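What follows is calculated from the coordinates using simple rules that are stated; it is not laboratory data. Note that this is a predicted model, so its numbers are computed, not measured. Every residue, glycine as well, gets a Cβ built from its backbone with ideal geometry; the counts of neighbours run over all protein chains shown.
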Amino acid sequence: MHFSSALLGGTLGKGEFDNSRVQDGSVGARYIPAIEKRTKTRVQKDEGEYDYDLFGRSNFEYFPLQMGNGQYKVYIFENIEGTRYRVAKSQSVTADIQNPLKVYLASVQTVNWNEDMEAVKKAAELTKNLKTDREKINAVYRFVVENISYDYDKIKNIPTTYVPDIDRILADGKGICYDYSALFAAMLRSLGIPCKLVKGYSSNVKGYHAWNEVYLADEDRWAIIDTTYDSVLFHSGKKTEMEKPSSSYTKSREY
């Protein structure tokens, strides 16, 4: 995106932001342009920033505050023409998140879930009689790896504005790496298990990739799990190991 310096000040709009979930690690945004056009949200802290397409109009969309406690700046941009945008609204908000793991339990744009979704009901069904987080993680992992297939046609025509719909992925039984990781994260989050959706690069896969990091409470550490890669192996008749070595993955973004 390109901006004019005269436009970066922005204005504070009372109805465009929801800060009720900031203490749990997410912020809400919505915006109704005078004429329907592409809008974006930026969540910024110090030198770090994350940009998202903003689809929320009358309803809020939520975005993670994954860069730690402190002051964030949240912008709403609307398109002027081409790749040029202007700041429509902005706010400053201070995050004081007592439990940083809550960031990775929230329902946000990239990992959007609620109790009424079929995928969330499936997660509950799969883990109903299981006791430990490890057992629950393994059950959801096996389900996703064995029941979702890689969609080679979809990856050829994916729009830049694409955001996964977990129930559509479940119903279709196929998806791309972003879909696998969003579905897996949503199902685990619904079970109270912190799970990151991560984007970056892997020596196992060509091009930009998405996978998950899952918090193992008993060991107080994050484990790398790549359901996309393992699903391709499984459907090719090969064995898989759930946890992956960090040496094979280079993270650039996490949600």
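Can you name the residue in the stretch 107-127 that is small (Gly, Ala, Ser) and surrounded by 21 or more Cβ atoms within 10 Å (Cβ to Cβ) and, of all such residues, is farthest from the chain's Cα centre (by Cα)? Within the stretch 107-127, the match that is farthest from the chain's Cα centre (by Cα) is ALA123. Scanning the stretch 220-249 for residues that are part of a strand (DSSP E or B) and among the charged types (D, E, K, R) yields ARG221, GLU243, LYS244. Anything in the stretch 150-160 that is surrounded by 15 or more Cβ atoms within 10 Å (Cβ to Cβ) and of a type outside the set (D, E, K, R)? List them, or say none. Result: TYR150, single match. On the stretch given as the stretch 161-214, residues that are part of a loop (DSSP other than H, G, I, E, B) and either at negative phi or crowded, with 24+ Cβ neighbours inside 10 Å (or both) total 14. One residue stands out among those in the stretch 215-246 that are in contact (Cβ under 8 Å) with a residue 12 or more places away in the chain and among the small types (Gly, Ala, Ser): the one that is surrounded by the most Cβ atoms within 10 Å (Cβ to Cβ), which is SER231.
Take the residues of the stretch 29-40 that are part of a loop (DSSP other than H, G, I, E, B) and touching a Leu at 6+ places or on another chain (Cβ under 8 Å): which is nearest to VAL103 (Cα to Cα)? Applying the filter and picking the extreme gives ARG30.
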